[in-house]
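Written out below as structure tokens is the structure these notes cover.
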Amino acid sequence: QKEVEQDPGPLSVPEGAIVSLNCTYSNSAFQYFMWYRQYSRKGPELLMYTYSSGNKEDGRFTAQVDKSSKYISLFIRDSQPSDSATYLCAIGDYKLSFGAGTTVTVRA
Amino acid sequence: GAVVSQHPSWVICKSGTSVKIECRSLDFQATTMFWYRQFPKQSLMLMATSNEGSKATYEQGVEKDKFLINHASLTLSTLTVTSAHPEDSSFYICSADGLRSEGIHNEQFFGPGTRLTVL
């Protein structure tokens, strides 16, 4: 079993739609949960991180962590074409375990 | 702030040659740097953890004699792929560990990656 499983994509949505991205993980000891955005042939950049359970909002982005079900989510509201990228979840307190990534395309 | 650079951004080499990739933290000191490999449409796989002044710690299945890591200073780590073969062709990404502004968690700042193609 992989440490982190991410919903496979790709996702294609119209501009303005809500994008929902999900991951599950196996190690209940993890405390830090992160979402990275990666453009083609570039390194990942941190979008949001959450410590322990709960929600965190930053502009159009909301990250949710449910430690009881080992499930994390990222929601993008009012999606824009510039949000088109691959989104990776990552979990870990020091070394990070990444999901496989979901490629999102927002159509203008 | 927290910029990490990698050099070269892409390299093509012949099978059997060695390739060195540099990872630099430009505006902060990183005691720890991480090296990842990413195959097309797959996730980042951690290869090794590199601490300044000490030997790197390799993940299971990663050959330490093939992927030589040197972390000589707080701003530079190098990955050398020795005797490269076509199956080593991949996207290699480094990250540097830096203190978040909140001070509660060290964030990994990623370099732009190096695309290695071995012919």
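Could you do me a favour and compute the accessible area per residue for the protein assembly as shown, 1.4 Å probe, result in Å²?
I get 49 Å² per residue for the protein assembly as shown.
So how exposed is A:Arg107, as accessible area in Å² (1.4 Å probe, rounded to 10)?
Counting only protein heavy atoms, the figure is 110 Å².
Could you look at chain B and say what percent of its accessible area is carbon and sulfur, using a 1.4 Å probe and all protein chains?
Using a 1.4 Å probe with all protein chains present, chain B comes out at 53 percent carbon and sulfur.
Given axes a ≥ b ≥ c from the Cα gyration tensor, I'd like to know whether chain B is rounded (a/c under 1.5), prolate (a/b larger than b/c) or oblate.
Because a/c hits 1.5 or more and a/b exceeds b/c, chain B counts as prolate.
Keeping the other protein chains in place, figure out the carbon and sulfur percent of the accessible area of chain A, with a 1.4 Å probe.
48
Does chain A come out rounded, prolate or oblate, given a ≥ b ≥ c as the square roots of the eigenvalues of its C-alpha gyration tensor, rounded meaning a/c under 1.5 and, failing that, prolate meaning a/b above b/c?
prolate
Can you pull the mean other chain C-beta count within 10 Å for peptide B:46-53?
1
Give me the summed buried accessible area for the B-A pair, 1.4 Å probe, to the nearest 100 Å².
Rounded to the nearest hundred, the buried surface is 1700 Å².
Once you sort the root eigenvalues of the Cα gyration tensor of the protein assembly as shown as a ≥ b ≥ c, which label holds: rounded (a/c under 1.5), prolate (a/b larger than b/c) or oblate (the other case)?
Prolate, because a/c is 1.5 or more and a/b exceeds b/c.
The values are calculated or read from the model by the stated rules, or taken from the named source; none is laboratory data. All values reported here derive from a predicted model rather than from experimental measurement. Neighbour counts are summed over all protein chains in view; Cβ atoms, including those assigned to glycine, are modelled from backbone coordinates with ideal geometry. SASA here: full protein model, heavy atoms, side chains in, ligands and nucleic acids out. Shrake-Rupley method; radii C 1.70, N 1.55, O 1.52, S 1.80 Å.
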